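Taking it in order: structure first as structure tokens, then the write-up.
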Amino acid sequence: MKAAVWFGDNQVEIKEVPIPEIGEEEALLKVRAAGVCATDYHIISGKLKIGKAPNIQGHEICAEVVKINSKTSDIKIGQRCVVATSIGCGRCDYCREGKQYICNDSSEIGYYPHNGGYAEYVKVPVSAIVPIPDEVSDKAGAILESTVCPTESLMRIGVPLAGSVVVEGTGPAGLAFIMVSKLMGASKIIVVVRDQKSTERAFRYGATHVVNISECDAETEVALITNGKKADLVVEATGAKSMIELAFDMVKKGGKIILYGIPSDEDKVVFPVTKMVVEEISVFGAVGNTKAWYPLVEKIADGSLDLESLVTHEFTLDEINKAFDLYRNHDKTLIKAIIKF
């Protein structure tokens, strides 16, 4: 089969490799489309040290079951699916709680030692298969994984009905937070941006208000929009030190903050501990992705959530380095790119 193999920093080559052999409770999938994640670019460029080469990356996968080895599963040959890529040991307390993504022995399809979806075929545990109906397109399926973690965190932490949510960032994660916050009943979705392009994007995907911090004071503007109360929930989806610290200025007393973006190792983020204590501000990390798969599939299928519109670029597997170039060149038109098979 043909695969895009990562051999080291900025070295991704199209190679012929053997089709994977499956074991017990595993399935062989024919990849139909794969989302290109910024994390993969950061790994192949050497900016992020996860796993080791050689490896086939790609953890956003839409596929079709072509072979299955299971005594219990009702998954059939020909079933279209997406892949819940987090793998835990299955025995520890975290796994028993449905949090295999923080299992001490956790791993993920698409990261070493597991090969991923930048290939014609991929093998996965049968338990990782999430069936999708015809109403969910290959494009939407290919990027569904990128929406799962934002959605899971909103499900876990809660969006106040008719409440106010501030979202920092208009990348794929930020847009997912905007779209799902609206779906879950937020009445004011305030998006913090720095430029006009991000303003247009925020409104397109569901923002009710936009605060451009290059033109105004965000804390003051958010207070005005919320009638002095500030936001029930602030979501930080950029990873920038200044934006993480700004989140605490925009949240109300007793409010909640979700930290999704990850700062660089060099950044030393200052947390206002006294404010957090006396104003009872709750701060949550977001990395989980187990509970949102089936609800997201349902909402895409019934037309409530238009994920396909986030796909701005499509490439063949042979063109995968062009997809990585979009990240390398900081292409402003990019939201999500996919590899079509």
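Please report Rg (one decimal) and Dmax (integer) in Å for the Cα set of the stretch 1-55.
13.1, 36
What's the ranking of 283-296, 32-45 by average number of surrounding C-beta atoms within 10 Å, highest first? Display every interim value, and only then the final one.
On the way: 283-296: 18.0, 32-45: 22.6.
Taking the mean over residues of other Cβ atoms within 10 Å, the ranking is 32-45, 283-296.
So what are the ³J(HN,Hα) numbers for the stretch 88-99, from phi and the Karplus equation (6.51, -1.76, 1.60; θ = phi - 60°), rounded to whole Hz, Gly and Pro as x?
Here the 3J(HN,Hα) series is x, 6, x, 10, 7, 4, 4, 5, 5, 8, x, 10 Hz.
Would you list SER127, SER181, SER309 from the most to the least accessible area, probe 1.4 Å? Spell out each step's value before the answer.
On the way: SER127 110, SER181 0, SER309 30 Å².
My answer, sorted largest first, is SER127, SER309, SER181.
Relative to the Cα centre, what is the charge dipole magnitude of the chain, using +1 at the beta carbon of each Lys and Arg, -1 at the beta carbon of each Asp and Glu, and rounding to the nearest 20 debye? Present the calculation step by step, with values, prior to reporting the outcome.
Numbers: 38 positive and 46 negative charges, 70 e Å.
Dipole about the Cα centre, nearest 20: 340 debye.
Taking the dipole about the Cα centre of the stretch 254-341, with the C-beta of Lys and Arg at +1 and of Asp and Glu at -1, give me whichever of HIS313, SER282, ALA292 is farthest to the positive side.
Going by the Cα projections, it comes out as SER282.
For the stretch 91-197, divide the Cα radius of gyration by the Kirkwood radius and give the resulting Rg/Rh value with two decimals.
Working: Rg = 16.9 Å, Rh = 16.5 Å.
Over the Cα atoms of the stretch 91-197, Rg/Rh equals 1.03.
Among VAL17, GLN57, ILE75, whose Cα projects farthest towards the positive end of the dipole of the chain, with charges put on the beta-carbon of Lys, Arg (+1) and Asp, Glu (-1)?
ILE75
Starting from the stretch 40-97, pick out the GluC sites (Glu not before Pro) whose DSSP state is loop and whose Cβ has at most 15 other Cβ atoms within 10 Å. It would help to have the intermediate numbers written out before the result.
Numbers: sites: GLU60, GLU64, GLU97; in loops: GLU97.
Of the GluC sites (Glu not before Pro), the ones in loops of the stretch 40-97 whose Cβ has at most 15 other Cβ atoms within 10 Å are GLU97.
Write down the percent of antiparallel bridges among all DSSP beta bridges whose residues are both part of the chain, to the nearest 5.
Details: 34 of 60 bridges.
Beta bridges within the chain, antiparallel portion: roughly 55 percent.
Compare the Cα positions of CYS149, PRO160, PRO263 along the charge dipole of the chain (+1 at Cβ of Lys, Arg; -1 at Cβ of Asp, Glu; about the Cα centre) and return the one farthest towards the positive end.
The residue sitting most towards the positive pole is PRO160.
Scattering from the C-alpha atoms of the chain alone, worked out with Debye: what is log10 I(q)/I(0) at q = 0.11 1/Å?
Results for the chain at q = 0.11 Å⁻¹ read -0.73.
Could you please state, rounded to a whole Å, how far the C-alpha centre of the stretch 239-270 is from the C-alpha centre of the stretch 162-188?
The stretch 239-270 and the stretch 162-188 have Cα centres spaced 16 Å from each other.
Rounded to the nearest 500 deg cm²/dmol, what is the calculated helix-only ellipticity per residue at 222 nm for the chain, with -39500 (n - 2.57) per DSSP H run of length n ≥ 4?
Values: 10 runs with 94 residues, N = 341.
Roughly -8000 deg cm²/dmol at 222 nm, from the helical runs in the chain.
Show which lysines lie in cross-link reach of LYS197 when reach means a straight Cα distance below 24 angstrom and same-chain residues fewer than eight apart are skipped.
LYS139, LYS182, LYS188, LYS241, LYS322, LYS332, LYS336
Starting from the 7 Å offset along Cα-to-Cβ, what nm value, one decimal, do you get for the label separation of LYS322 and GLN196?
Output for this residue pair reads 2.9 nm.
Using only C-alpha positions, report the orientation-averaged shadow area of the convex hull of the stretch 1-152, nm², one decimal.
Over all viewing directions, the stretch 1-152 projects a mean Cα-hull area of 9.1 nm².
Once you list every other residue whose beta carbon is under 13 Å from the beta carbon of LYS47, what net charge do they have if Lys and Arg are +1 and Asp and Glu are -1? Kindly include the intermediate steps, with their values, before the conclusion.
Values: positive: LYS49, ARG328; negative: ASP9, ASP40, ASP265, GLU266.
Combined, the nearby Lys, Arg, Asp and Glu give -2.
Report, in whole Å, the centroid distance computed from the Cα atoms of the stretch 63-127 and the stretch 291-341.
Each part's Cα centre sits 21 Å from the other's.
Charges at C-beta only: +1 for Lys and Arg, -1 for Asp and Glu. How large is the resulting dipole of the stretch 197-341 about its Cα centre, in Debye rounded to 20?
Values: 18 positive and 23 negative charges, 50 e Å.
My answer is approximately 240 debye.
The values are calculated or read from the model by the stated rules, or taken from the named source; none is laboratory data. Model, not experiment: these values are computed from the prediction. Here Cβ is always computed from backbone atoms with ideal geometry, including for glycine, and neighbour counts include all displayed protein chains. Ligands, DNA and RNA are excluded from the accessible area calculation, which covers all protein heavy atoms including side chains. Shrake-Rupley method; radii C 1.70, N 1.55, O 1.52, S 1.80 Å.
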